[in-house]
Number of protein chains: 2
Amino acid sequence: MSEVIARIPHYQHLYETLRQQLLQGVYEIGSLLPSEKELQQAYNLTQPTVRQALSMLAEEGFIKKFQGKGSIVQPVPIGLGMLSIQPHHTDQLVDAAAIRTEIVQKPILKVFPADFLFVSAQPQRPYYYFERLRFVNNEVIFFEKIALPAEEVPQFHKLKLENKSLFDTLRKRYSIIVKRGEEKVWATLADEALSRMMQIKPNTPVLRLEKCIETNRPHLNIYSSLYACTDKYLLKGRF
Amino acid sequence: MSEVIARIPHYQHLYETLRQQLLQGVYEIGSLLPSEKELQQAYNLTQPTVRQALSMLAEEGFIKKFQGKGSIVQPVPIGLGMLSIQPHHTDQLVDAAAIRTEIVQKPILKVFPADFLFVSAQPQRPYYYFERLRFVNNEVIFFEKIALPAEEVPQFHKLKLENKSLFDTLRKRYSIIVKRGEEKVWATLADEALSRMMQIKPNTPVLRLEKCIETNRPHLNIYSSLYACTDKYLLKGRF
DNA sequence: GAGTGGTCTAGACCACGCA
DNA sequence: GCGTGGTCTAGACCACTCT
């Protein structure tokens, strides 16, 4: 019926379609998604194919499935591996538009950084390495160092990275999706160099968060080393 | 053929069997799991059923699937929602046997704690609330406050909680499995009361980690509020 | 009882890796 | 070319919720 140009699996097409609709608020939170049977008819698919798409959405927290009832729409979940910023003592996230990102070190090619806690399986491969500061109201919230294998993201150095979510960019430009990851976290005090970089007083408590992020590509891991000043805002994430 | 006593789905039985084998090291890390076809024949199942079990294992990081090759066994992953402890500057986890857990406040019934950052959807339900300290080498590593809905875990107050992983206990005793969750994290300084509780100096930097943990049971969320002293050890988790 | 999601079968064909 | 995992169909029956 419909012309299929690229080789996209049916379940993935349905998943992407529903995901877009859920992001755009087409379905009200707490309401029921169309039933599996309705989706089968609407997209001309069989039950297992529809179920796979819905299972992916449930896995990511977009919907919750209830036997005998249907799939209930949940609030849009935080992206896996992404961090949201939230003031202490309220439960309102800082809007993405209020966050400013400044690229301190533009992407350069180098071997895997030696000061990361997680180690790459192939440290000699070329990696893109860059550093960024993120601000809310012109205050530095965090400083982050990032490395990702260059062969997997051609032309990465030409992308505009300011004021964008890295993971949204990777998703749209390269179809890279975060699957899973590990993190190491601890608290420490800002030393002289860090306090200059982050425009905070020395000996302020800072949060340290190092991550190794696995994606849907077998040999593509993203590495992040983060320093966060959390006196006004805390970090929120999903696992 | 084989007598099925309880109503356990085939895919789940296969999943549990393989998971046990993977935990016990039956398959060498980096080696291939038996192929889908072999598992079909061995357990007398069809391909989609076997695939579901393997997908669950892949989702949790026990194996990685490669088209045209097979499923490669990975190192045993950290349990979702669990935290491992690791010294700075080495990559060796502290063995679970070296960690001592002391229950400071035995499980009591109360309404949902007001000082947690995450809020329950049904705060008036009865919750089990308890507090624990965890030690490595007789040093306090963290202090944790935990709340979980009492109706979902009958007889919980009778369980021995010392020196056990809470999630292993919930899995074995109630078949409760962590599916997903959210965390809020920040760094702060220990105040007077906390420094006494954790036997550290006042104004030591401490890590704060609050979590809301969703499980395989629709209305069972576990809430945790954690204070960690991370000067010697850091915390490692999965997402 | 009607409608929902949950489990399962018995096939088919495709895409990929490796020798 | 063979064996692997990836996608998909067309059914079947079960378990649960709601009315």
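Is it true that residue B:199 is away from chain A (no Cβ under 14 Å), at pLDDT 95 or above and at positive phi?
yes
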Candidates B:233, B:174, B:227, filtered to the one that is more than 20 Å from residue B:84 (Cβ to Cβ) and buried (at least 16 other Cβ atoms within 10 Å of the Cβ): B:174
Conditions (1) within 13 Å of chain A (Cβ to nearest Cβ); (2) over 12 Å from the mean Cα position of the chain (by Cα); (3) of a type in the set (A, V, I, L, M, F, W, C): number failed by residue B:239: (2)
Run down B:233, B:223 and say which single residue is in contact with a strand residue (DSSP E or B) (Cβ under 7 Å, 6 or more places away or on another chain) and either modelled with pLDDT under 95 or within 13 Å of chain A (Cβ to nearest Cβ) (or both). B:233
Could you give every pair whose Cβ atoms fall below 9 Å, whose first residue belongs to region B:18-43 and is without any contact (Cβ under 8 Å) to a residue 12 or more places away in the chain, and whose second residue is assigned to a strand (DSSP E or B) and of a type outside the set (Lys, Arg), counting only separations of at least 6 or pairs across chains? B:34/B:70; B:34/B:71
Could you tell me how many of the residues in region B:100-135 are within 21 Å of the chain's Cα centre (by Cα), of a type in the set (A, V, I, L, M, F, W, C) and within 14 Å of chain A (Cβ to nearest Cβ)? 4
Of (1) closer than 19 Å to residue A:102 by Cα; (2) without any contact (Cβ under 8 Å) to a residue 60 or more places away in the chain, residue A:200 fails just (2)
How many of the residues making up region A:183-196 are closer than 30 Å to residue A:125 by Cβ and more than 7 Å from chain B (Cβ to nearest Cβ)? 2
Unique match (being in a strand (DSSP E or B) and in contact (Cβ under 8 Å) with a residue 60 or more places away in the chain) among A:167, A:135, A:143: A:143
Considering region A:70-99, residues that are within 11 Å of chain B (Cβ to nearest Cβ) and closer than 17 Å to residue B:216 by Cα, and then whichever is farthest from DNA strand C (Cβ to nearest atom), we arrive at A:74
Please pick out the residue among B:178, B:206, B:153 that is among the hydrophobic types (A, V, I, L, M, F, W, C) and facing chain A (nearest Cβ under 8 Å). B:206
Considering only residues that are farther than 23 Å from residue B:59 by Cβ, in contact with a strand residue (DSSP E or B) (Cβ under 9 Å, 6 or more places away or on another chain), within 12 Å of DNA strand D (Cβ to nearest atom) and within 13 Å of chain B (Cβ to nearest Cβ), which ones fall in region A:30-69? A:69
Does residue A:117 satisfy the condition of being in a loop (DSSP other than H, G, I, E, B), closer than 30 Å to residue B:190 by Cβ and modelled with pLDDT under 95? no
Any hit, region A:68-87, residues being exposed (fewer than 12 other Cβ atoms within 10 Å of the Cβ) and either under 28 Å from residue B:209 (Cα atoms) or modelled with pLDDT of 95 or more (or both): yes
If only one of B:146, B:141, B:108 is loosely packed, with under 14 Cβ neighbours inside 10 Å, of a type in the set (Val, Ile, Thr) and at pLDDT 95 or above, which one is it? B:108
Only one residue in B:39, B:57, B:14 is within 26 Å of the chain's Cα centre (by Cα) and either among the β-branched types (Val, Ile, Thr) or more than 10 Å from DNA strand C (Cβ to nearest atom) (or both). Which one? B:57
I need a count of the residues in region A:120-132 that are among the hydrophobic types (A, V, I, L, M, F, W, C) and either outside any loop (DSSP other than H, G, I, E, B) or crowded, with 19+ Cβ neighbours inside 10 Å (or both). 1
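The values are calculated or read from the model by the stated rules, or taken from the named source; none is laboratory data. Keep in mind the model is a prediction, meaning the values are calculated, not measured. Cβ: placed from backbone, ideal geometry, glycine included. Neighbour counts: every protein chain shown.
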